[in-house]
Structures are given as structure tokens and as C-alpha cells.
Amino acid sequence: MKVLIIGGGGREHAIAVAMKKSGRVDALYCVPGNAGIAEIAECEPSIGVMEFDRIVAYAREKQVDLVFVAPDDPLAGGLVDRLEEAGLRAFGPRKNAAILEGSKAFSKDLMKKHHIPTAAYETFTEPEKALEYLEHARMPIVLKADGLALGKGVLICNTLEEAKAGVREIMQEKHFGSAGDALVVEEFLTGREVSVLAFVDGRTVRPMTSAQDHKRARDGDEGPNTGGMGNFSPSPFYTEEVDAYCREHIYQPTVDAMAAEGREFKGVIFFGLMLTAQGPKVLEYNARFGDPEAQVVLCRMKNDLLDVVDACIDGQLDKVELEFEDNAAVCVVLASEGYPVSYQKGFEITGLERFQGKEDYYCFHAGSRFDEQGRIVTNGGRVLGVTAKGATLKEARAKAYEAAEWVSFANRYMRHDIGKAIDEA
Ligand code: AMP
Ligand code: GLY
């Protein structure tokens, strides 16, 4: 089989590595890809993920059997629909199902209607109404821009003043663009955060092993929210009891709700959960693999990824049982100093060869490219996701931080406490 992966980050590198392991994949392509993915797949850096016509033409030219659409923007924009119209086989939700991530107002209303546990909320399209509501609301409170905002459209406000400023930023100054046309104002939840990704074939849902992200830029959960500075899998707080509750009250009801709404979901649903004193509640849905969740989850999966993807597309997921290794993985993101606000690119990355032939160590490229001299240089805020597996989280963590020192580039920045709270819990 010939497989084309859409995307060019660490998640797509992890997907490519998993696909490469499949006995049924003969050729791997990636658009746009990056310098790491280029080691195992033919990449086409000149095509962007939103250039649907060019993607269709490329898929036809390469005669691919499957297109795996990984990032949120092309999913929300309907790339899967376009590929299917062109007669190509695609993995990922269609546009009418990707709205689960594309609109927070939609997902909140869905959860309310179908009794799926989540934080209490109100949706506003007029800033005046939102401001009026906030006058009488309990602080802290959470403001969420309705649309896609690179994981940054969420503000946690401790005071009324902060909340009012947040409404202005999101709805009036449009810091997140049209994502802020509508605003969800949500109850602040406390507890442990856990992410669970699940394969879905429209009817059946198969949750993968759990993971925990570190979204803030700096050690100790300080600094601005990012796309994710590192994570680990599994979460020790995600017990069998929690899993059983989530399957019954969250995962299956979500898939059933989407089907009942005429928005059959095929692909991966990312459940962002808060384990509160009242039980697990949904913080957010994503309609795709998380980044860097894919990095720590896929490297622990025993199944052939292509088999599972095929089962999702063909509605045969009930015949698949997922299996994960009985170990742990930790991913430490090496970013460019200044991420997520402003940062420089184009610095040479050295030491990558040290990962070669080392079992249980992975260097997933998030933002890298080849320069004119053929050197690998930094090309993004998140540059590499150094990942390691170990028998325990502690071991995986020690190995990931050891390996993080193998590579260097100018302005390299990382958090030093990925998974640390767990060692100490
Ligand atoms: P989201 O993009 O919805 O996952 O939000 C980003 C982060 O904001 C989450 O990972 C949580 O840490 C935090 N967050 C979102 N919603 C809430 C909430 N209702 N209560 C507390 N924290 C939240
Ligand atoms: N790491 C969080 C996300 O992919 O949205």
C-alpha cells in the first residue's frame, strides 16, 4: 500500500514511524513533511496543508491508496470530503464531524443535549451580553474563543477585571481572528488533566492508552499556553475505574451523539478530560491525534496502525482490540527560545545521528527543514520532540532528558519538569 500523510509536525513524524512499521506499507509520502520525516517518507515541502487541489493532484500522481489527514485545519476545512469526492480513500472526520473540534459552542451544546459530563457554560455572540453575565459570575472563570486558535484561545481569568479584558481581546480586538466571533464562558474546573485519544469508525470507539500534556511554556506551569511542551503516557491517575466511567458516560455517548446528529465521526477523537471530585468531565474535544500525544501513545501501541486505520474507514473497528506495551513514554519538546510568542528560525541542528540504532529513543521532528547546503535547520517554534520509553515513567523521563542533551541548536529551549510531578506524587 502507498500511504500519504498530510502535515509536517512531530505528530506526523510519529504517525509516519508507526506506518513504516506496518508490514503492508510499501511507500510513504508526506505533504509538506519535514527533515525528519524525509528520512522515511518522500516529502513535498512546496505543498501546504490547505492547498486541497494540489493535494488531490499529488495523491493521484503518486497513486496513493490512502491519505491520512492529521492536522485540525484541513480536517475542519473539509479535506477528507474533497479527497473522497475525488475517489481517494481518506482517514479522518469529514467536515461536518470535524466541527466537534472546530466549534466549541457546537461541542458544548452537543454535550449538554446528550448529557455528557462537562463544565457548565454560556455562549455569547455579543460582547455586551458576555460582559453583563460576567458581572454576576463566580471567579475564576474560563473564556474560550469558539473556533480554532492553535490551542491558545482559552483564557483562565481569576478576577472580573481579567475576564472583562479577555472578552475585549477575544471578541472586540479579535486576538484569535474570527475564532472569537462567538465566545464560550465556562465554569472553572479543578482536578487532574488527562488526555485520551480514541479510534472511531462511526459507531465503535476504541480508546488508546492515556497521556498527560504540559501546555504552559515554562517550568512549574508558568508562562503562556503553547501547543504542548512535552507529555507522558500513561497517566497514573487514569485508573481502570476512571476508564470504565469514561467509556460508559463520555466516549460511547459522544460517538452516538455525533451519529444521532447526522455527523458520523470516523477518525480519532481526542478527549481532553478533567478528573474532578464529581467525576471525569470533558474539557475539550479535538478531531485528530494530539501533538505531542501521538508521539508518546503511538510508540507504545502494539497494533499495526494501518490495520486500525482501515478498520475505522470500513466500519470494522468492533473486530479490533487495541494493545499497548506495559511501559511508559516521555516526550520532551525542544523549542526555540521565545515560543509561542516570537522566535527565530534557520539554526543548524546537530547531534541527530546519535539517535540512530538506539531502541526506545525517538527524535520526532516538529519544525525542521533542509537549507540550501543540505543541513538540517530549525523551522518552527517547536523543533524536536525527544521521546523515550522505559519500564516506568521515572525511567522513561530520565532517558528522555538524557537524550535531549544529544542534540543542539541555537536558542534551544525546553521545560525541565515534564512528568516530574508524577515522580513526586
Ligand atoms: P482547551 O484548549 O479547551 O484544552 O483548554 C486549554 C487548557 O485550559 C486546558 O488544557 C486546561 O488546562 C484549561 N482549561 C480549559 N477549560 C477549563 C475549565 N473549564 N476549567 C479549568 N481549566 C480549563
Ligand atoms: N497537545 C494538545 C493538542 O494537540 O491539541
Of the residues that make up region 383-396, is at least one open to solvent by 60 Å² or more (accessible area, probe 1.4 Å), within 18 Å of ALA217 (Cβ to Cβ) and part of a loop (DSSP other than H, G, I, E, B)?
no
Go through ALA400, ALA396, ALA388 for me and flag whichever is free of Cβ contacts under 8 Å to residues at least 60 places away in the same chain and under 20 Å from THR209 (Cβ atoms).
ALA388
Selection status of MET139, open to solvent by 50 Å² or more (accessible area, probe 1.4 Å) and either more than 10 Å from ligand 1 (Cβ to nearest atom) or not in a strand (DSSP E or B) (or both):
yes
Please verify whether region 182-200 includes one or more residues that are more than 10 Å from ligand 1 (Cβ to nearest atom) and free of Cβ contacts under 8 Å to residues at least 60 places away in the same chain.
no
Reported set for region 219-242 where residues are away from ligand 1 (no atom under 14 Å from the Cβ) and in contact with a Ser or Thr (Cβ under 6 Å, 6 or more places away or on another chain) is SER233, PRO234, TYR238
When ALA277 is evaluated against the numbered criteria (1) of a type in the set (A, V, I, L, M, F, W, C); (2) open to solvent by 30 Å² or more (accessible area, probe 1.4 Å); (3) away from ligand 1 (no atom under 16 Å from the Cβ), which criterion, by number, is the only one it fails?
(3)
Answer from LYS144, LYS152 - the residue that is in contact with a strand residue (DSSP E or B) (Cβ under 6 Å, 6 or more places away or on another chain), near ligand 1 (Cβ under 9 Å from one of its atoms) and assigned to a loop (DSSP other than H, G, I, E, B)
LYS152
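Conditions (1) in contact (Cβ under 8 Å) with a residue 60 or more places away in the chain; (2) not aliphatic (A, V, I, L, M), marked per residue:
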position: ILE55; (1), (2): no, no
position: ASP73; (1), (2): yes, yes
position: GLY78; (1), (2): no, yes
position: GLU84; (1), (2): no, yes
position: ASN96; (1), (2): yes, yes
position: GLY102; (1), (2): yes, yes
position: PHE106; (1), (2): no, yes
position: LYS113; (1), (2): yes, yes
position: GLU122; (1), (2): yes, yes
List the residue pairs whose Cβ atoms are under 8 Å apart, where the first residue sits in region 335-348 and is free of Cβ contacts under 8 Å to residues at least 40 places away in the same chain and over 13 Å from MET229 (Cβ atoms), the second is open to solvent by less than 80 Å² (accessible area, probe 1.4 Å) and not in a loop (DSSP other than H, G, I, E, B), and the two are 6 or more positions apart or on different chains.
LYS345/SER336; LYS345/VAL377; LYS345/THR378; GLY346/VAL377; GLY346/THR378
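The values are calculated or read from the model by the stated rules, or taken from the named source; none is laboratory data. Worth saying up front: this structure is predicted, and the values here are computed from it rather than measured. Don't worry about glycine lacking a Cβ; one is built from the backbone with ideal geometry, like all the others, and counts go over all protein chains shown. Only protein heavy atoms, including side chains, enter the accessible area calculation; ligands, DNA and RNA are left aside. Shrake-Rupley method; radii C 1.70, N 1.55, O 1.52, S 1.80 Å.
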